[in-house]
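Following this message is one structure expressed as structure tokens.
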């Protein structure tokens, strides 16, 4: 078998295939299907300082080649996670990464400081780009000053690997990536969902209670791939690619574009086994082209 190991700052991954936050709960749900230790890592459900009920239903809608979601970061808060969920998942043999959210810089710091004390959580994903909450998230992720401010303050509070999740709903994603790199981000993950909407022509009403929501799935892959390629050229820190990855070929495209690892998200709703198929497929691809390591294809796009 080829060497599938990759490194994201201090995170040593056994392979470059990870699960995207918000699509795999807190890992237990996927572990019911197979041993999650086979995965490169898992980005846990978005977590906030206190309980959030999320948005009103309906908050998910299927679209051509994708889906819209407006869940609104429903979760029971960081203290509930620490007391009730963390003890059950902490010994999974793969990196678990908490997706940190807040409405203010102070809230981001509050969650970060608590996660910093958890021995079995080696990294956080700072979500400054959630498009389906009314405050926080997008307010920070779409401007350089906002992205810099929250990254800088969280960097002061967090001692392990800091991954910043970027929004595609910006004019120049490379500019935002360089901004957070300059404030101490160890890696960036992109892209988060695009803002979209859907309408029921018969009722003449929006399909989501919030009218707009986050578009994910195969429909966004070409744009996400382009943004990953741009960012990988613009920063020196590792890039994690996200956006419509449904199979091995998709994942390899992101690696060739410069991503050191990928996150699989919407595909899990179709088949939770897809990440394992991708891991197997990457190994077969490397064997086919007589390569010993996945590192040989990272950034290997031929121009």
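So for segment 62-208: antiparallel DSSP bridges make up what percent, rounded to the nearest 5? The partial results should precede the final answer.
On the way: 4 of 16 bridges.
Counting only bridges with both partners in segment 62-208, antiparallel ones make up about 25 percent.
Once the Cα gyration tensor of segment 242-303 is found, what semi-axes does its equivalent ellipsoid get, as square roots of 5 times the eigenvalues, in whole Å, sorted largest first? Could the numbers behind the result be given before it?
Details: eigenvalues 83, 37, 12 Å².
Output for segment 242-303: semi-axes of 20, 14, 8 Å.
Describe numerically, in nm with one decimal, the distance between label points set 7 Å from Cα along Cα→Cβ at residue 119 and at residue 201.
Label-label distance for residue 119 and residue 201, simple model: 6.0 nm.
Tally the DSSP beta bridges in the chain and give the antiparallel ones as a percent, rounded to 5.
Working: 17 of 44 bridges.
Of the beta bridges lying entirely in the chain, close to 40 percent run antiparallel.
Which peptide among 269-278, 22-31 comes first, and what is the full order, when sorted by highest mean count of other Cβ atoms within 10 Å? Walk me through the numbers before you get to the answer.
Working: 269-278: 17.4, 22-31: 19.3.
Final packing ranking: 22-31, 269-278.
Could I ask something else about it? Based on the Cβ-Cβ distance of residue 302 and residue 7, what FRET efficiency does E = 1/(1 + (r/R0)^6) give at R0 = 25 Å, to the nearest 0.05?
Details: r = 24 Å, r/R0 = 0.96.
The value I calculate is 0.55.
Report relative contact order for segment 6-296 in percent, whole number only (criteria: Cα-Cα under 8 Å, sequence separation at least 6).
Numbers: 676 pairs, mean separation 57.0, N = 291.
Value for segment 6-296: 20 percent.
Over the alpha-carbon set of the chain, divide Rg by the Kirkwood Rh and report the Rg/Rh ratio to two decimals.
With Rh from the inverse mean 1/r over Cα pairs, Rg/Rh is 0.94.
Please give, to one decimal in nm, the separation of the simple spin-label points placed at residue 60 and residue 90, each 7 Å out from Cα toward the Cβ.
3.0
Pairwise over distinct Cα atoms, reciprocal of the mean inverse distance: report the Kirkwood radius of segment 177-255 in Å, one decimal place.
Numbers: mean 1/r = 0.0702 Å⁻¹.
For segment 177-255, inverting the mean 1/r across all distinct Cα pairs yields 14.2 Å.
Here's a follow-up. Please identify, among 80, 43, 140, the residue showing maximal mean-square fluctuation in a Gaussian network model of the chain using a 10 angstrom Cα cutoff.
80
Of all beta bridges DSSP finds with both residues in segment 151-272, what is the antiparallel percent, to the nearest 5?
Numbers: 6 of 15 bridges.
Of the beta bridges lying entirely in segment 151-272, close to 40 percent run antiparallel.
Could you tell me the extents of segment 171-303's C-alpha atoms along the three principal axes, largest first, rounded to whole Å?
56, 37, 26
I would also like to ask the following. So what does the Cα-only Debye profile of segment 1-139 read at q = 0.15, 0.16, 0.17, 0.20 Å⁻¹, as log10 I(q)/I(0), no solvent term?
For the requested q values the scattering log ratios are -0.78, -0.88, -0.99, -1.27.
Could you work out the helix-only [θ] at 222 nm for the chain, with each DSSP H run of four or more residues adding -39,500 (n - 2.57) and the total divided by the number of residues, to the nearest 500 deg cm²/dmol? Spell out each step's value before the answer.
Numbers: 10 runs with 89 residues, N = 303.
Calculated from helices alone, the mean residue ellipticity at 222 nm is -8500 deg cm²/dmol.
Additional query: Compute the orientation-averaged projected area for segment 31-82 from the convex hull of its Cα atoms and round it to one decimal in nm².
Values: hull surface 21.9 nm².
So the Cα hull casts an average projection of 5.5 nm².
Moving on to the next point. Would you mind calculating the relative contact order of segment 93-243 from Cα pairs under 8 angstrom and at least 6 residues apart, reporting the percent as a whole number?
Numbers: 297 pairs, mean separation 30.6, N = 151.
20 percent.
Please compute the contact order of segment 187-297 in relative form: average sequence separation of alpha-carbon pairs under 8 Å and at least six residues apart, divided by the residue count, as a percent. Could the numbers behind the result be given before it?
On the way: 172 pairs, mean separation 25.6, N = 111.
Over segment 187-297, the number comes to 23 percent.
For the pair residue 233 and residue 34, what calculated FRET efficiency results from E = 1/(1 + (r/R0)^6), where r is the Cβ-Cβ distance and R0 = 35 Å, to the nearest 0.05? Kindly include the intermediate steps, with their values, before the conclusion.
Details: r = 36 Å, r/R0 = 1.02.
With a Förster radius of 35 Å, E is 0.45.
None of the figures in this text is laboratory data; all of them are computed from the coordinates on show. None of these values were measured; they are calculated from a predicted model. Every residue, glycine among them, receives a Cβ derived from its backbone with ideal geometry; neighbour counts consider all protein chains shown.
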